[in-house]
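Shown next, in structure tokens, is the structure this report addresses.
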Amino acid sequence: MSEMFSIKLPDGSVREVEAGTTPADVAAAIGPGLAKAALAARVNGEVRDLARPFEEDSELALITARDEADALELVRHDYAHVLAEAVQNLFPGTQITFGPATEDGFYYDFAPKERPFTEEDLPAIEEEMRRVIAKDAPLVREVWTRDQVRDFFEKTGESFKAEWVMELPANETITMYRSGDWVDLCRGPHLASTGKLDPQAFKLTRVSGAYWRGDQKNAMLSRIYGTGWLNRKQLDAHLARLEEAAKRDHRRIAQEMDLFHLQQEAHGSVFWHPKGWVIWRQLEAYMRRRLDGAGYREIKTPQLIDNKLWVASGHWGKFRENMFVVPDEVPSTEEGKPVLSGTGDLMALKPMNCPAHVQVFRQGITSYRDLPLRLAEFGTCHRNEPHGALHGIMRVRQFTQDDAHIFCTHDQLVEETVAFCALLDAVYRDLGFADYQVKLATRPEQRVGSEESWDRAEADLETALKATGLAYEILPGEGAFYGPKLEFHLKDAIGRTWQCGTLQLDPQMPERLEATYVGEDGSKHHPLMLHRAILGTFERFIGILIEHHAGRFPLWLAPVQAVVATIVSDADPYADEVAETLRAAGLRVETDVRNEKINYKVREHSLAKVPNLLVVGRREAEERTVALRPLGSDARQEVLALDEVAERLRTDALPPDLRATRG
């Protein structure tokens, strides 16, 4: 008598099946519609192929296109495999490496036999992918030994795969997936066949270089990126979003508006131009007023700090590869001798501000009556990001955080968390981001501290989060190495999400760095430490603002708030008078008295995203009026008295926090 397994379905019903039965069999037994719609199966919480037999009593949930997150992960993984097969069909001798699914698509890294791939190759590869899909070949899971896999790849000239498989644990089950005659090393899972993919729901997007295993000492590979979806409608919507995102690219807009630039001599550091620095200064002043009002005390700490502090804080062991390390010695100027002897003590540019803030806290004797103590710093930090990871001002090496650390007692945690979340909400709403999500990130695999301390920290932070009344989701394993954290993900004008704000509960660092306060009982205690930021970094947040507003900043942030443009040269003196009146009202104003037609000036300043154009001619000069043309195709021109325009723009240009207090 054959072995039987009990299979529990999501509705609570149980089916008894024979050994060898697969999720596909169960789907077919339920009905032909489900059998056709099923893409994969979740068996005891693990996503598996439909054709993989049950191995024990199991809970089964069949995955269809309605389970969009799982379905997209599956199809993108399959598109990557189809891409690899298509490339090897078209370019014999190309070696394959890895090809994972990504947030909106997939990529695969190749070692071409003759030349790197280019974007001119992509149309032909796409057509070959569609031919592979049309074959509807079953994707068959096979279990091999490590030696079998190595021998296979060595015989077929796949040196990268042969190298990788021998580094997998000896006791790990190794699976190969077969699509007709094509075979690849893969953990899976996969769809039942290539024909389950929509041949019109993917697009190859670009080609780049990538080092084997991410190490620049290794071979350079050709990485082909693609985007993949469940159907053509989803693909078209994604491509439309990409087109809109390209129009809003902060690098392009910054060049048009003359905000900043980057250059190779300072990889990952920003050269701010006067107009871009205006945005920074306005944002910093706004944040400083908000922090002052919330009871923060601003400090400034050193850039270059002895590595002994980083060792004590735990960063030297966990974060050293991302730090700029500097020897504490005088460089040699003698010809023929090394610039550095290598014998000096090591220092590092700070990659974060927290250990330095603890040093400020430790000065003198702190009483429980002094808590909570909120120390804020617009702290410039450096992190040694790989060149290939840098992206405009969104990911840089030198950055400034709107950083602060709250030192408090355990009893003050809930109150401080509620206050911070209220402050963050006010800032995000002022800056145009009322739509944001909150996520609770729990203990990562690499961490410091005991399991007991993590249990308490996670429970404490979740209790505090619940007290805010905010909805949230859990992010398992995404916490900081020293404690759990809250992440705040805001949504921009075209639906993209950006993780900016954070509140991190740290019971470890005060203890490691011997930070104490005298409690009500007269004994010394370690405070809780809350690492918190709202913007994250000024560089990245300004990049987000540029793209969110497509360069059309709110008036209070606009680098130039108005331009006074003349129709005729006779109005030049009056244009200067108008500009001076507006400057006296606190506005940032320029004049345009060039000998150009007014339509040309209007178009040029509209492209430069100037919020207000004030047009003056002979009549306006005689009547002491201006023709006000706000930016935007639907904006109407108004002829107003000079004093009225100055007062209106002065009021409109107030930062949101000042407008609220004066309203």
*Mind checking whether some residue in segment 274-294 is open to solvent by less than 40 Å² (accessible area, probe 1.4 Å), over 27 Å from the mean Cα position of the chain (by Cα) and not β-branched (Val, Ile, Thr)?*
yes
*asked:* Being in contact with a strand residue (DSSP E or B) (Cβ under 8 Å, 6 or more places away or on another chain), among the hydrophobic types (A, V, I, L, M, F, W, C), assigned to a strand (DSSP E or B) and surrounded by 13 or more Cβ atoms within 10 Å (Cβ to Cβ) is the requirement here; does residue 129 meet it?
replied: no
_Restricting to segment 174-188, name every residue that is closer than 21 Å to residue 101 by Cβ, in a loop (DSSP other than H, G, I, E, B) and open to solvent by 30 Å² or more (accessible area, probe 1.4 Å)._
187
*Restricting the first residue to segment 350-365 and requiring it to be charged (D, E, K, R), which pairs with a second residue that is in a helix (DSSP H, G or I) and open to solvent by 50 Å² or more (accessible area, probe 1.4 Å) meet a Cβ separation below 7 Å and a spacing of at least six or different chains?*
none
*Take the residues in segment 150-163 that are in contact (Cβ under 8 Å) with a residue 40 or more places away in the chain and not acidic (Asp, Glu), then tell me which one is least open to solvent (accessible area, probe 1.4 Å).*
161
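Confirm whether residue 94 is without any contact (Cβ under 8 Å) to a residue 24 or more places away in the chain, touching a Pro at 6+ places or on another chain (Cβ under 7 Å) and more than 27 Å from residue 50 (Cβ to Cβ).
yes
Of all residues in segment 1-43, which are assigned to a loop (DSSP other than H, G, I, E, B) and open to solvent by less than 80 Å² (accessible area, probe 1.4 Å)?
If the condition is that a residue be assigned to a loop (DSSP other than H, G, I, E, B) and open to solvent by less than 80 Å² (accessible area, probe 1.4 Å), then 2, 9, 12, 13, 19, 20, 21, 22, 31, 38, 39 are the ones that fit.
Could you list all residues from segment 189-220 that are open to solvent by 20 Å² or more (accessible area, probe 1.4 Å) and under 20 Å from residue 144 (Cα atoms)? Working first, answer last.
If we filter segment 189-220 for residues that are open to solvent by 20 Å² or more (accessible area, probe 1.4 Å), which is where we start, we get 189, 192, 195-196, 198-200, 203, 205-209, 211, 213-220.
Matches in segment 189-220: 189, 192.
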*Among the residues of segment 444-468, write down those that are open to solvent by 50 Å² or more (accessible area, probe 1.4 Å) and touching a helix residue (DSSP H, G or I) at 6+ places or on another chain (Cβ under 6 Å).*
467
*Hey, can you tell me all the residues within segment 263-298 that are over 18 Å from residue 420 (Cβ atoms), modelled with pLDDT of 95 or more and among the hydrophobic types (A, V, I, L, M, F, W, C)?*
270, 271, 272, 277, 278, 279, 280, 283, 285
_For the structure I just gave you, tell me whether residue 79 is surrounded by 19 or more Cβ atoms within 10 Å (Cβ to Cβ) and touching a Pro at 6+ places or on another chain (Cβ under 9 Å)._
no
*State whether the residues of segment 366-373 include one that is in a loop (DSSP other than H, G, I, E, B) and without any contact (Cβ under 8 Å) to a residue 12 or more places away in the chain.*
no
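If a residue must be in contact (Cβ under 8 Å) with a residue 24 or more places away in the chain and not in a strand (DSSP E or B), how many such residues does segment 479-523 contain?
The number of residues fulfilling the criteria is 20.
Taking residue 471 as the residue in question, decide whether it is free of Cβ contacts under 8 Å to residues at least 40 places away in the same chain, under 22 Å from residue 542 (Cα atoms) and open to solvent by 30 Å² or more (accessible area, probe 1.4 Å).
Working: free of Cβ contacts under 8 Å to residues at least 40 places away in the same chain: yes; under 22 Å from residue 542 (Cα atoms): no; open to solvent by 30 Å² or more (accessible area, probe 1.4 Å): yes.
It is false that residue 471 is free of Cβ contacts under 8 Å to residues at least 40 places away in the same chain, under 22 Å from residue 542 (Cα atoms) and open to solvent by 30 Å² or more (accessible area, probe 1.4 Å).
At least 1 residues that are surrounded by fewer than 19 Cβ atoms within 10 Å (Cβ to Cβ) in each: list the strands (runs of 3 or more DSSP E) lying fully within segment 549-663 that qualify.
Values: elements: 562-566, 589-592, 612-616, 625-630, 638-641.
Those strands (runs of 3 or more DSSP E) span 589-592, 625-630, 638-641.
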*Mind checking which residues of segment 25-51 are within 27 Å of residue 202 (Cα to Cα) and of a type in the set (D, E, K, R)?*
36, 42, 46, 48, 49
*Can you tell which of 187, 206 is within 30 Å of the chain's Cα centre (by Cα) and in contact (Cβ under 8 Å) with a residue 60 or more places away in the chain?*
206
*With respect to the numbered conditions (1) under 26 Å from residue 551 (Cβ atoms); (2) of a type outside the set (Phe, Trp, Tyr); (3) free of Cβ contacts under 8 Å to residues at least 24 places away in the same chain, which one is the sole condition not fulfilled by residue 578?*
(3)
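Any chance segment 487-495 includes a residue that's within 23 Å of residue 314 (Cα to Cα), of a type in the set (Asp, Glu) and in contact with a Lys or Arg (Cβ under 8 Å, 6 or more places away or on another chain)?
Filtering segment 487-495 down to residues within 23 Å of residue 314 (Cα to Cα) leaves 487.
Now restrict to residues that are of a type in the set (Asp, Glu): 487.
Those still in the list that are in contact with a Lys or Arg (Cβ under 8 Å, 6 or more places away or on another chain) too: 487.
Yes, the conditions are met somewhere in segment 487-495.
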*For the subset of segment 540-576 comprising residues that are of a type in the set (Asp, Glu) and out of contact with any strand residue (DSSP E or B) (no Cβ under 9 Å at 6 or more places or on another chain), which member is nearest to residue 430 (Cα to Cα)?*
547
*Got a number for residues in segment 398-424 being open to solvent by 40 Å² or more (accessible area, probe 1.4 Å) and either among the basic types (Lys, Arg) or more than 22 Å from residue 459 (Cβ to Cβ) (or both)?*
2
_Contact list please: Cβ distance under 9 Å, first residue in segment 290-306 and on the phi > 0 side of the Ramachandran plot and touching a residue at least 40 places away in the same chain (Cβ under 8 Å), second residue aliphatic (A, V, I, L, M) and surrounded by 13 or more Cβ atoms within 10 Å (Cβ to Cβ), pairs at least six apart or on different chains._
295/419
*Looking only at segment 304-331, which residues are open to solvent by less than 40 Å² (accessible area, probe 1.4 Å), assigned to a loop (DSSP other than H, G, I, E, B) and over 20 Å from residue 403 (Cβ atoms)?*
none
*Only one of these conditions is not met by residue 373: (1) touching a Phe, Trp or Tyr at 6+ places or on another chain (Cβ under 9 Å); (2) on the phi > 0 side of the Ramachandran plot. Which number is it?*
(2)
*Identify the single condition in (1) farther than 21 Å from residue 6 by Cβ; (2) assigned to a loop (DSSP other than H, G, I, E, B); (3) open to solvent by 60 Å² or more (accessible area, probe 1.4 Å) that residue 65 does not satisfy, given that it satisfies every other one.*
(3)
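The values are calculated or read from the model by the stated rules, or taken from the named source; none is laboratory data. None of these values were measured; they are calculated from a predicted model. Please note: Cβ atoms are built from the backbone with ideal geometry, for glycine as well, and neighbour counts cover all protein chains shown. All accessible areas refer to the heavy atoms of the entire protein, side chains included, with ligands and DNA or RNA removed. Shrake-Rupley method; radii C 1.70, N 1.55, O 1.52, S 1.80 Å.
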